[in-house]
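Colleague: Before I ask anything, let me first share the structure, which is written out below as structure tokens.
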Amino acid sequence: MSDAPPSNFTPAPMDSSKRTWLIASGCAGAVGTVALATPFVESFSPSERAKAAGAPVEVDISALQPGERMIVEWRGQPVWVFKRTPEMLATLKTTDSEVADPLSKRTDFPTPVWAQNEDRAPEAHKDILVVVGICTHLGCSPVEKFKAGPQPSLPDNWVGGFFCPCHGSTFDFSARVFKNKPAPANLLVPPYTYLSDTRLLIGEDKKA
């Protein structure tokens, strides 16, 4: 399977005030403690002119460690670049039957063909998840809930993933939404390509 995705997804632009609110605060009133330490890696920040034009963003992921997530701004929206551990990837088999769209086949929220799989990533880089970090329900920002087990607002059989505190949608480690939740679709996969094993280009689907 080619690592180069088709250009079939263009997220809607977002005004600067909402973007700031999403990235800095998540959802209004969201509180809690992340039980598993998952440090953020400093994000690449393009120029204001590049952001305004929606230019592709080149990202260096060489320092990204398993269990870490970095947030990159592209077209006014936060894009998560998340390096999953082998243990996180192993949970996907257990959530396949519990998520609403396990292979990301929904056509009203299109996913690149190369990401229509359990990992939602190219085979050669299946540990790296790249998604727009905005809930597909009403535009809130999900938070990390990586610790497994019973927790407030989460099921007793929770294996880890993401939680949207605004309206209760839950997502697994591939950002696939669980069944019977307000969010109508998985978190969106933007167009991107690998320039090398450690450099991503978000916003273009050309081959390296």
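Colleague: From Cα coordinates alone, what are the radius of gyration and Dmax values for region 47-125 in angstrom?
Modeller: 15.0, 44
Colleague: Moving to a separate point now. If the chain between residue 85 and residue 126 were fully stretched, how many nm would it gain, using 0.36 nm times the residue separation less the Cα-Cα distance? Don't skip to the answer; put the middle values down first.
Modeller: Numbers: separation 41, 0.36 × 41 = 14.76 nm, distance 1.05 nm.
Here the segment from residue 85 to residue 126 would lengthen by 13.7 nm.
Colleague: Apply the Karplus curve 6.51 cos²θ - 1.76 cosθ + 1.60, θ = phi - 60°, to the phi angles in region 78-85 and return the couplings in whole Hz, x for Gly and Pro.
Modeller: Values, residue by residue: x, 10, 8, 10, 10, 9, 7, 7 Hz.
Colleague: Find the Rg to Rh ratio for region 56-208, where Rh is the Kirkwood radius over alpha-carbon pairs and Rg uses the same atoms.
Modeller: Radius of gyration over Kirkwood radius for region 56-208 works out to 0.94.
Colleague: A follow-up question, please. With just the Cα atoms of region 121-208, tell me how far they stretch along each of the three principal axes, in Å, largest first.
Modeller: Principal axes ranked by extent give 44, 26, 18 Å for the Cα atoms.
Colleague: What pairs from 83/179; 105/181; 126/181 go past 21 Å between their alpha carbons?
Modeller: Checking Cα-Cα distances, 83/179; 126/181 exceed 21 Å.
Colleague: One-quarter of the Cα convex hull surface for region 103-161, in nm²?
Modeller: 5.1
Colleague: Between the alpha-carbon centers of region 62-79 and region 99-177, tell me the distance in whole angstrom.
Modeller: Centre-to-centre (Cα) distance: 15 Å.
Taken together, the values in this text are just the output of simple stated rules run on the coordinates, not laboratory data. All of these numbers come straight from a predicted model, not from anything done at the bench.
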